[in-house]
Amino acid sequence: MKVKKAVIPAAGFGTRFLPATKVVPKELLPIVDKPTIQYIMEEVASSGIEEVILITGREKGSIEDHFDTSTELENYLKKKGRLDLLQMVQRIAEMVTLVAVRQKEPLGLGHAVLCAKKIVGEEPFAVLLGDDLIDAEVPCIQQMMERYQRLDGAMIAIQKVPKSETHLYGIIKGKRIEDRLYRVEEMIEKPRQGEAPSNLAIIGRYILPPQIFEILEKTQPDQRGEIQLTDAIKELNRDLPVFGYEFIGDRYDAGDKLGYLQANIAFGLKHPELGKKLKRYLKKYPL
Ligand code: UTP
(Lines give C-alpha, C1' and ligand atoms only; values in the text may rest on other atoms or scores of the structure.)
Protein backbone atom coordinates (compact mmCIF):
# COMPACT_ATOMS: atom_id res chain seq x y z
CA MET A 1 0.00 0.00 0.00
CA LYS A 2 1.27 3.46 -0.90
CA VAL A 3 2.48 5.74 1.89
CA LYS A 4 0.74 9.10 1.51
CA LYS A 5 1.01 10.65 4.95
CA ALA A 6 3.92 11.55 7.18
CA VAL A 7 3.94 12.32 10.89
CA ILE A 8 6.65 14.68 12.13
CA PRO A 9 6.87 14.73 15.92
CA ALA A 10 8.28 18.06 17.06
CA ALA A 11 6.80 18.49 20.52
CA GLY A 12 9.80 17.60 22.70
CA PHE A 13 11.25 20.18 25.08
CA GLY A 14 14.73 20.00 23.57
CA THR A 15 16.42 20.09 26.97
CA ARG A 16 19.80 19.16 25.48
CA PHE A 17 19.78 22.50 23.72
CA LEU A 18 18.79 24.84 26.54
CA PRO A 19 18.88 27.80 26.80
CA ALA A 20 18.48 28.15 23.00
CA THR A 21 15.25 26.13 23.16
CA LYS A 22 13.60 28.07 25.97
CA VAL A 23 11.43 29.90 23.42
CA VAL A 24 12.70 28.76 20.01
CA PRO A 25 11.92 25.11 19.18
CA LYS A 26 15.06 23.13 18.33
CA GLU A 27 13.42 22.14 15.02
CA LEU A 28 13.63 25.81 13.97
CA LEU A 29 17.32 26.26 14.75
CA PRO A 30 19.03 26.81 11.40
CA ILE A 31 21.50 24.55 9.66
CA VAL A 32 23.37 27.32 7.80
CA ASP A 33 20.31 29.35 6.71
CA LYS A 34 17.43 26.87 6.85
CA PRO A 35 15.62 25.45 9.89
CA THR A 36 16.25 21.74 10.48
CA ILE A 37 12.57 20.97 10.04
CA GLN A 38 12.52 22.56 6.58
CA TYR A 39 15.12 20.06 5.37
CA ILE A 40 12.83 17.33 6.72
CA MET A 41 9.77 18.83 5.05
CA GLU A 42 11.73 18.98 1.77
CA GLU A 43 12.62 15.29 2.18
CA VAL A 44 8.92 14.49 2.62
CA ALA A 45 7.77 16.67 -0.29
CA SER A 46 10.32 15.31 -2.77
CA SER A 47 9.42 11.73 -1.79
CA GLY A 48 5.86 12.21 -3.04
CA ILE A 49 4.11 12.29 0.35
CA GLU A 50 0.98 14.44 0.14
CA GLU A 51 0.11 15.31 3.70
CA VAL A 52 2.13 16.07 6.80
CA ILE A 53 0.83 15.79 10.34
CA LEU A 54 3.01 17.92 12.53
CA ILE A 55 2.95 17.13 16.24
CA THR A 56 3.60 20.34 18.11
CA GLY A 57 3.83 21.31 21.76
CA ARG A 58 4.65 24.25 23.98
CA GLU A 59 5.86 27.34 22.08
CA LYS A 60 5.70 25.43 18.79
CA GLY A 61 3.20 27.64 16.92
CA SER A 62 6.21 29.20 15.23
CA ILE A 63 6.87 25.93 13.35
CA GLU A 64 3.40 26.14 11.78
CA ASP A 65 3.99 29.82 11.02
CA HIS A 66 7.20 28.97 9.20
CA PHE A 67 5.25 26.84 6.72
CA ASP A 68 2.38 29.31 6.37
CA THR A 69 2.09 32.31 4.03
CA SER A 70 3.49 35.54 5.41
CA THR A 71 1.64 38.41 3.71
CA GLU A 72 3.56 41.16 5.45
CA LEU A 73 6.98 39.75 4.55
CA GLU A 74 5.87 38.91 1.01
CA ASN A 75 4.57 42.47 0.44
CA TYR A 76 7.83 43.87 1.77
CA LEU A 77 9.95 41.71 -0.53
CA LYS A 78 7.72 42.64 -3.50
CA LYS A 79 8.12 46.34 -2.71
CA LYS A 80 11.88 45.95 -2.50
CA GLY A 81 11.99 44.01 -5.77
CA ARG A 82 13.58 40.97 -4.06
CA LEU A 83 11.77 38.46 -6.28
CA ASP A 84 14.34 35.72 -5.62
CA LEU A 85 13.67 35.87 -1.88
CA LEU A 86 9.93 36.25 -2.48
CA GLN A 87 9.84 33.05 -4.51
CA MET A 88 11.87 31.23 -1.88
CA VAL A 89 9.51 32.29 0.91
CA GLN A 90 6.41 31.39 -1.14
CA ARG A 91 7.81 27.98 -2.03
CA ILE A 92 8.06 27.05 1.66
CA ALA A 93 4.34 27.64 2.19
CA GLU A 94 3.42 25.59 -0.90
CA MET A 95 5.58 22.57 -0.13
CA VAL A 96 3.02 20.22 1.45
CA THR A 97 -0.43 20.19 3.03
CA LEU A 98 0.20 20.57 6.72
CA VAL A 99 -2.07 19.68 9.62
CA ALA A 100 -0.86 20.44 13.13
CA VAL A 101 -1.90 18.45 16.17
CA ARG A 102 -0.96 19.54 19.64
CA GLN A 103 0.59 17.08 22.06
CA LYS A 104 -0.52 18.65 25.32
CA GLU A 105 2.34 17.19 27.34
CA PRO A 106 5.59 15.64 26.08
CA LEU A 107 4.75 12.12 27.20
CA GLY A 108 7.22 10.50 24.82
CA LEU A 109 7.72 9.78 21.13
CA GLY A 110 5.16 6.94 21.19
CA HIS A 111 2.55 9.26 22.64
CA ALA A 112 3.41 11.93 20.03
CA VAL A 113 2.79 9.44 17.20
CA LEU A 114 -0.47 8.34 18.84
CA CYS A 115 -1.69 11.96 18.62
CA ALA A 116 -1.87 11.49 14.82
CA LYS A 117 -4.21 8.47 15.01
CA LYS A 118 -7.42 10.13 13.83
CA ILE A 119 -5.82 11.94 10.90
CA VAL A 120 -3.77 8.97 9.68
CA GLY A 121 -6.68 6.52 9.71
CA GLU A 122 -6.29 2.99 8.38
CA GLU A 123 -3.20 3.25 6.21
CA PRO A 124 0.55 2.85 6.59
CA PHE A 125 2.34 6.12 7.29
CA ALA A 126 5.84 7.54 7.58
CA VAL A 127 7.37 9.03 10.72
CA LEU A 128 10.31 11.44 10.50
CA LEU A 129 11.80 12.85 13.69
CA GLY A 130 11.88 16.63 13.62
CA ASP A 131 15.52 16.86 14.71
CA ASP A 132 17.05 13.99 12.72
CA LEU A 133 18.66 15.29 9.57
CA ILE A 134 19.61 12.96 6.70
CA ASP A 135 21.61 14.23 3.77
CA ALA A 136 21.08 11.83 0.87
CA GLU A 137 20.96 11.90 -2.91
CA VAL A 138 17.70 9.95 -2.86
CA PRO A 139 15.74 11.16 0.19
CA CYS A 140 15.91 8.59 3.00
CA ILE A 141 12.15 8.21 3.36
CA GLN A 142 11.84 7.70 -0.41
CA GLN A 143 14.46 4.93 -0.29
CA MET A 144 12.39 3.31 2.45
CA MET A 145 9.07 3.75 0.63
CA GLU A 146 10.49 2.10 -2.49
CA ARG A 147 11.49 -0.99 -0.48
CA TYR A 148 8.31 -0.98 1.59
CA GLN A 149 6.06 -1.33 -1.48
CA ARG A 150 6.82 -5.05 -1.66
CA LEU A 151 6.55 -5.66 2.07
CA ASP A 152 4.00 -5.86 4.81
CA GLY A 153 4.51 -4.75 8.42
CA ALA A 154 6.82 -2.00 9.63
CA MET A 155 10.16 -0.58 8.54
CA ILE A 156 12.73 1.31 10.56
CA ALA A 157 15.78 3.15 9.28
CA ILE A 158 19.08 1.77 10.53
CA GLN A 159 22.69 2.80 10.21
CA LYS A 160 26.00 1.24 11.20
CA VAL A 161 27.62 3.12 14.08
CA PRO A 162 31.05 2.63 15.67
CA LYS A 163 31.01 -0.14 18.31
CA SER A 164 32.13 2.39 20.92
CA GLU A 165 28.86 4.32 20.38
CA THR A 166 26.25 1.55 20.42
CA HIS A 167 25.30 2.41 24.03
CA LEU A 168 23.92 5.73 22.78
CA TYR A 169 21.33 4.23 20.42
CA GLY A 170 18.54 1.70 20.07
CA ILE A 171 20.26 -1.30 18.48
CA ILE A 172 18.69 -4.09 16.45
CA LYS A 173 19.44 -7.76 16.30
CA GLY A 174 18.42 -8.96 12.87
CA LYS A 175 18.90 -11.30 9.98
CA ARG A 176 20.09 -9.83 6.68
CA ILE A 177 17.59 -10.90 4.02
CA GLU A 178 18.81 -8.86 1.07
CA ASP A 179 21.07 -5.94 0.27
CA ARG A 180 20.58 -3.33 3.05
CA LEU A 181 17.45 -5.07 4.35
CA TYR A 182 17.19 -6.92 7.68
CA ARG A 183 14.39 -8.80 9.36
CA VAL A 184 14.43 -7.40 12.90
CA GLU A 185 14.44 -10.01 15.66
CA GLU A 186 15.09 -7.80 18.65
CA MET A 187 15.45 -4.12 19.49
CA ILE A 188 17.52 -3.13 22.50
CA GLU A 189 17.37 0.42 23.80
CA LYS A 190 20.83 1.80 24.68
CA PRO A 191 22.58 -1.53 25.46
CA ARG A 192 25.43 -1.44 27.96
CA GLN A 193 28.88 -1.12 26.41
CA GLY A 194 30.03 -4.46 25.04
CA GLU A 195 26.52 -5.98 25.20
CA ALA A 196 25.07 -4.75 21.87
CA PRO A 197 23.97 -7.58 19.55
CA SER A 198 25.14 -5.58 16.48
CA ASN A 199 26.26 -2.10 15.50
CA LEU A 200 23.04 -1.37 13.58
CA ALA A 201 21.44 1.66 15.23
CA ILE A 202 17.84 2.82 14.89
CA ILE A 203 17.58 6.25 13.24
CA GLY A 204 14.60 8.62 13.18
CA ARG A 205 12.70 7.40 10.11
CA TYR A 206 9.93 4.80 10.23
CA ILE A 207 7.14 3.41 8.10
CA LEU A 208 4.41 2.03 10.34
CA PRO A 209 1.16 0.18 9.74
CA PRO A 210 -2.03 1.54 11.38
CA GLN A 211 -2.06 -1.42 13.83
CA ILE A 212 0.63 0.47 15.77
CA PHE A 213 -2.01 2.84 17.18
CA GLU A 214 -3.92 0.13 19.08
CA ILE A 215 -0.63 -1.07 20.52
CA LEU A 216 0.44 2.46 21.50
CA GLU A 217 -2.85 2.93 23.33
CA LYS A 218 -1.90 -0.01 25.55
CA THR A 219 1.83 0.70 25.88
CA GLN A 220 2.81 1.57 29.44
CA PRO A 221 5.12 4.53 30.12
CA ASP A 222 8.73 3.69 30.97
CA GLN A 223 10.43 4.62 34.26
CA ARG A 224 10.80 8.23 33.03
CA GLY A 225 7.04 8.41 32.39
CA GLU A 226 7.42 8.35 28.58
CA ILE A 227 5.57 6.10 26.14
CA GLN A 228 8.29 4.76 23.88
CA LEU A 229 7.67 4.11 20.19
CA THR A 230 10.29 1.34 20.28
CA ASP A 231 8.27 -0.57 22.91
CA ALA A 232 5.21 -0.50 20.66
CA ILE A 233 7.22 -1.63 17.61
CA LYS A 234 8.60 -4.53 19.66
CA GLU A 235 5.03 -5.57 20.46
CA LEU A 236 4.01 -5.20 16.80
CA ASN A 237 6.89 -7.48 15.84
CA ARG A 238 5.05 -10.40 17.52
CA ASP A 239 2.33 -10.31 14.82
CA LEU A 240 3.76 -8.41 11.87
CA PRO A 241 7.29 -8.38 10.48
CA VAL A 242 9.53 -5.43 11.28
CA PHE A 243 12.27 -4.67 8.76
CA GLY A 244 15.41 -2.62 9.21
CA TYR A 245 16.56 -0.72 6.15
CA GLU A 246 20.15 0.50 6.03
CA PHE A 247 19.71 3.77 4.14
CA ILE A 248 22.30 5.49 1.96
CA GLY A 249 23.15 8.94 3.30
CA ASP A 250 24.73 10.95 6.11
CA ARG A 251 22.77 11.47 9.29
CA TYR A 252 23.09 14.26 11.84
CA ASP A 253 21.38 14.45 15.22
CA ALA A 254 20.53 18.14 15.05
CA GLY A 255 18.94 18.00 18.52
CA ASP A 256 22.37 17.37 19.99
CA LYS A 257 24.93 20.18 20.23
CA LEU A 258 27.79 18.30 18.58
CA GLY A 259 25.54 16.83 15.87
CA TYR A 260 24.18 20.30 15.21
CA LEU A 261 27.65 21.80 14.75
CA GLN A 262 28.68 18.89 12.50
CA ALA A 263 25.60 19.43 10.34
CA ASN A 264 26.36 23.14 10.04
CA ILE A 265 29.91 22.42 8.91
CA ALA A 266 28.85 19.70 6.43
CA PHE A 267 26.05 21.77 4.90
CA GLY A 268 28.17 24.93 5.07
CA LEU A 269 30.97 23.27 3.08
CA LYS A 270 28.42 22.30 0.41
CA HIS A 271 26.78 25.72 0.31
CA PRO A 272 27.27 27.45 -3.08
CA GLU A 273 28.07 30.88 -1.57
CA LEU A 274 29.85 29.83 1.61
CA GLY A 275 31.57 26.53 0.83
CA LYS A 276 34.95 27.82 -0.33
CA LYS A 277 35.14 30.56 2.29
CA LEU A 278 34.30 28.16 5.10
CA LYS A 279 36.88 25.65 3.90
CA ARG A 280 39.51 28.37 3.89
CA TYR A 281 38.44 29.46 7.36
CA LEU A 282 38.58 25.94 8.78
CA LYS A 283 42.24 25.68 7.76
CA LYS A 284 42.88 27.93 10.76
CA TYR A 285 42.06 24.89 12.90
CA PRO A 286 44.39 22.12 11.70
CA LEU A 287 43.74 18.69 13.21
P1 UTP B 1 14.03 13.65 21.56
O2 UTP B 1 14.13 12.79 22.73
O3 UTP B 1 15.25 13.89 20.73
O4 UTP B 1 13.42 15.09 21.91
O5 UTP B 1 12.83 13.14 20.66
P6 UTP B 1 13.44 15.93 23.21
O7 UTP B 1 12.76 15.23 24.32
O8 UTP B 1 12.89 17.26 22.80
O9 UTP B 1 15.00 16.08 23.45
P10 UTP B 1 15.87 16.38 24.74
O11 UTP B 1 16.45 15.05 25.09
O12 UTP B 1 14.99 16.98 25.79
O13 UTP B 1 16.92 17.36 24.27
C14 UTP B 1 12.91 12.90 19.27
C15 UTP B 1 11.81 13.66 18.52
O16 UTP B 1 10.52 13.36 19.07
C17 UTP B 1 9.86 14.53 19.44
C18 UTP B 1 10.95 15.60 19.61
O19 UTP B 1 10.43 16.89 19.35
C20 UTP B 1 11.98 15.17 18.61
O21 UTP B 1 11.74 15.71 17.33
N22 UTP B 1 9.09 14.28 20.69
C23 UTP B 1 9.69 13.71 21.77
C24 UTP B 1 7.75 14.63 20.73
O25 UTP B 1 7.18 15.14 19.74
N26 UTP B 1 7.05 14.41 21.89
C27 UTP B 1 7.62 13.87 22.99
O28 UTP B 1 6.92 13.69 23.99
C29 UTP B 1 8.98 13.51 22.92
Report summary line: Going through the range 26-72 in order, the residues found to be under 17 Å from the mean Cα position of the chain (by Cα), of a type in the set (A, V, I, L, M) and in a loop (DSSP other than H, G, I, E, B) are LEU29, ILE49
Query raised in the report: Out of (1) in contact with a Pro (Cβ under 6 Å, 6 or more places away or on another chain); (2) surrounded by fewer than 17 Cβ atoms within 10 Å (Cβ to Cβ), what's the single condition that is false for ASP250?
Result: (1)
Query raised in the report: Within the range 19-43, which residues are near the ligand (Cβ under 8 Å from one of its atoms) and either among the basic types (Lys, Arg) or surrounded by fewer than 24 Cβ atoms within 10 Å (Cβ to Cβ) (or both)?
Result: THR21, LYS26
Query raised in the report: Can you tell me which of ILE158, ILE92 is modelled with pLDDT under 95 and of a type in the set (A, V, I, L, M, F, W, C)?
Result: ILE92
Query raised in the report: Of all residues in the range 113-124, which are touching a strand residue (DSSP E or B) at 6+ places or on another chain (Cβ under 9 Å) and more than 18 Å from ILE202 (Cα to Cα)?
Result: CYS115, ALA116, LYS118, ILE119, VAL120, GLY121, GLU123, PRO124
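Which residue, of GLU195, GLU185, is touching a residue at least 12 places away in the same chain (Cβ under 8 Å) and more than 15 Å from the ligand (Cβ to nearest atom)?
On the way: GLU195 fails: touching a residue at least 12 places away in the same chain (Cβ under 8 Å).
Testing whether each residue is touching a residue at least 12 places away in the same chain (Cβ under 8 Å) and more than 15 Å from the ligand (Cβ to nearest atom) leaves just GLU185.
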Requested in this report: Find all pairs meeting these conditions: Cβ atoms under 9 angstrom apart; at least six residues apart or on different chains; first residue within the range 1-29 and within 18 Å of ASP65 (Cβ to Cβ) and among the hydroxyl-bearing types (Ser, Thr, Tyr); second residue more than 7 Å from the ligand (Cβ to nearest atom) and assigned to a loop (DSSP other than H, G, I, E, B).
Outcome: THR21/LEU29; THR21/GLU59
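On the basis of being surrounded by 17 or more Cβ atoms within 10 Å (Cβ to Cβ), over 20 Å from VAL127 (Cα atoms) and among the aliphatic types (A, V, I, L, M), does LEU54 make the cut?
Criteria not met by LEU54.
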Requested in this report: Confirm whether LYS277 is free of Cβ contacts under 8 Å to residues at least 12 places away in the same chain, surrounded by fewer than 19 Cβ atoms within 10 Å (Cβ to Cβ) and charged (D, E, K, R).
Outcome: yes
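The values are calculated or read from the model by the stated rules, or taken from the named source; none is laboratory data. The shown structure was predicted, so the numbers you read here are calculated from the model rather than taken from an experiment. Please note: Cβ atoms are built from the backbone with ideal geometry, for glycine as well, and neighbour counts cover all protein chains shown.
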